[in-house]
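To start, the structure itself, in structure tokens.
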Amino acid sequence: MTQSADAAPEAAAPLPQFPMRRTCPFSEPGEYAGLRANEPVSRAALKVNGKPTWLVTRHEDVRQVLGDGRVSSNLKLPGYPHQFHIPEEMLAQVRLMLLNMDPPEHTAQRRMLIPEFTARRVKEMRPRIQEIVDEHVDAMLAEGGPVDLVTALALPVPSLVICELLGVPYEDHAQFEEWSAAMMNHDLSPAEYGAAVQALDMYLDKLVTLKENEPGDDLISRFLEKNGTEQVADHVDVVTMARLMLVGGHETTANMIALGVLALLQHPQQMAELQADPALLPNAIEELLRVFSISDSGTARVALEDIEVGGVTIRAGEGILALNNAADHDESVFPDPGTLDIHRKEARSHLAFGYGIHQCIGANLARVELEIVYGTLLRRVPGLRLATEQDELRFKDDAMVYGVYELPVTW
């Protein structure tokens with residue numbers, strides 16, 4: 001027997017609010033375990049506007065939702081569970097980016113981008129990424145500890161990598177990183193969020209116009225060249241795509257670099273194993289991705305028709321948050337999920353990069369960046385340690401992408 005949102009009157013008790021905050025940096029919000037055990041498909045109220053949405057918390061159910069063609073990523077649909085307050089007049093003017101497109105538009109644009117992120121293409125980028133990492137580690141060692149690993153390494157490395165890939169001048173990184181950070185903040189006002197998006201789009205509009213007239217050896221230029229034949233995007237679409245690549249390409253990886261280093265420092269025995277045997281690093285990265293699942297609410301959907309998930313009927317038009325962090329702590333898939341285990345055999349079953357047609361297109365690049373950064377630090381800075389107490393660290397509980405604001409380290 002199935003149940004649905006309108007099978008019974010609303011309970012008198014108020015719905016829990018989403019987003020829910022992590023109480024431990026290496027785990028999930030405390031409410032998730034209870035939801036998985038007792039009500040794996042449940043209702044919650046969005047903190048931003050109080051509207052109800054469905055929370056899906058079990059690994060199997062999250063995969064089902066993300067792989068189901070009967071759900072949409074289109075943020076303009078009425079039931080879409082927004083994480084920011086976006087006025088209707090502003091929403092009407094929003095141009096959908098790849099993350100929020102449905103087929104066939106999504107299929108056409110993604111197909112043109114895939115060659116930029118294949119395993120072979122990323123392998124060709126390894127020497128340059130290693131060079132970038134070595135340059136920043138050199139500077140860090142020359143300065144001497146303590147240093148903030150976020151500003152010294154975690155943020156500049158992926159920023160420089162994505163800038164070179166897109167053809168964005170790195171000297172502008174401080175400004176677009178500021179806009180990017182603002183766009184990730186749950187607590188931003190509509191005016192502040194809109195201003196950040198507008199400022200970044202104005203910058204990228206000029207950049208895309210330049211590349212339309214003077215193409216270079218970069219992703220944007222190659223996309224424009226293909227688009228001349230394929231005609232799958234107009235100028236504004238390319239600007240929006242560039243914004244997604246730029247923000248997504250550095251924000252997520254930067255946060256994973258810092259959090260991964262923190263996790264290893266807090267698990268010295270496993271860190272020592274990685275130093276002794278670098279071949280363990282690829283699986284350790286999958287485990288770190290699983291533990292943190294930093295973009296927990298990035299998998300928002302809306303049902304296009306009635307669907308059944310975990311014995312519950314979700315009606316057409318209702319919003320869904322398929323919580324990959326909750327899925328990645330599902331005890332039925334990952335025994336003792338709150339424990340970091342670099343030898344975990346099932347680690348690669350995580351959903352930190354999403355699942356289905358919207359699975360992160362840059363996953364190969366992110367994995368290589370993490371492998372090079374962690375491997376270089378383990379090899380070149382074996383005495384790395386925290387320069388403060390963990391209790392003094394500030395975590396990004398207010399952001400769409402989880403992370404740590406500063407990570408003071410020494411050696």
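Of the residues 399, 366, which is touching a Cys at 6+ places or on another chain (Cβ under 9 Å), within 30 Å of residue 82 (Cα to Cα) and of a type outside the set (S, T, N, Q)?
Answer to the check: 366.
Name, by its number, the condition in (1) more than 18 Å from the chain's Cα centre (by Cα); (2) at pLDDT 95 or above; (3) β-branched (Val, Ile, Thr) that does not hold for residue 57.
Every condition holds for residue 57 apart from (1).
Could you list all residues from segment 145-163 that are outside any helix (DSSP H, G or I) and within 16 Å of residue 259 (Cβ to Cβ)? It would help to see each step written out before you state the result.
So the first thing to find is which residues in segment 145-163 are outside any helix (DSSP H, G or I), and the list is 145-148, 155.
148, 155, listed by residue number.
Restricting the first residue to segment 277-293 and requiring it to be more than 18 Å from residue 397 (Cα to Cα) and in contact (Cβ under 8 Å) with a residue 12 or more places away in the chain, which pairs with a second residue that is of a type in the set (D, E, K, R) and open to solvent by 40 Å² or more (accessible area, probe 1.4 Å) meet a Cβ separation below 7 Å and a spacing of at least six or different chains?
Short answer, once both residue conditions are applied: 280/273; 281/371; 282/371; 285/367; 285/371; 286/348; 287/341.
Look at segment 181-222 and say how many of its residues are open to solvent by 30 Å² or more (accessible area, probe 1.4 Å) and touching a Lys or Arg at 6+ places or on another chain (Cβ under 7 Å).
Going through segment 181-222 one residue at a time, the tally reaches 1.
Looking at segment 80-101 only, could you name the residues that are over 10 Å from residue 300 (Cβ atoms) and either in contact (Cβ under 8 Å) with a residue 60 or more places away in the chain or of a type in the set (S, T, N, Q) (or both)?
Within segment 80-101, 84, 85, 86, 87, 90, 93, 95, 96, 97, 98 meet the criteria.
Checking the conditions here, which among 368, 409, 373 is at pLDDT 95 or above, surrounded by 16 or more Cβ atoms within 10 Å (Cβ to Cβ) and part of a strand (DSSP E or B)?
Values: 368 fails: part of a strand (DSSP E or B); 373 fails: part of a strand (DSSP E or B).
409 is the lone residue from the list that is at pLDDT 95 or above, surrounded by 16 or more Cβ atoms within 10 Å (Cβ to Cβ) and part of a strand (DSSP E or B).
In segment 385-406, what residues are farther than 24 Å from residue 96 by Cα and either among the polar types (S, T, N, Q) or buried (at least 19 other Cβ atoms within 10 Å of the Cβ) (or both)?
388, 390, 396, 403, 404
Hand me the list of strands (runs of 3 or more DSSP E) wholly inside segment 223-340 holding 1 or more residues that are among the hydroxyl-bearing types (Ser, Thr, Tyr), open to solvent by 10 Å² or more (accessible area, probe 1.4 Å) and out of contact with any Leu (no Cβ under 9 Å at 6 or more places or on another chain).
In segment 223-340, 312-314 are the strands (runs of 3 or more DSSP E) which contain 1 or more residues that are among the hydroxyl-bearing types (Ser, Thr, Tyr), open to solvent by 10 Å² or more (accessible area, probe 1.4 Å) and out of contact with any Leu (no Cβ under 9 Å at 6 or more places or on another chain).
Right, residue 352: surrounded by 20 or more Cβ atoms within 10 Å (Cβ to Cβ), touching a Ser or Thr at 6+ places or on another chain (Cβ under 7 Å) and not in a loop (DSSP other than H, G, I, E, B) or not?
No; evaluated as a whole, the condition is false for this residue.
For (1) exposed (fewer than 13 other Cβ atoms within 10 Å of the Cβ); (2) modelled with pLDDT under 95; (3) part of a helix (DSSP H, G or I), each residue gets a yes or a no:
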{"position": "78", "(1), (2), (3)": "yes, yes, no"}
{"position": "82", "(1), (2), (3)": "no, yes, no"}
{"position": "85", "(1), (2), (3)": "no, yes, no"}
{"position": "122", "(1), (2), (3)": "no, no, yes"}
{"position": "130", "(1), (2), (3)": "no, no, yes"}
{"position": "140", "(1), (2), (3)": "no, no, yes"}
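The values are calculated or read from the model by the stated rules, or taken from the named source; none is laboratory data. Quick caveat: nothing in here was measured; it's all calculated off a predicted structure. When we count neighbours, we look across all protein chains shown, and the Cβ atoms used for this are built from the backbone with ideal geometry, even at glycine. Heavy atoms of the whole protein, side chains included, go into the accessibility calculation; ligands, DNA and RNA do not. Shrake-Rupley method; radii C 1.70, N 1.55, O 1.52, S 1.80 Å.
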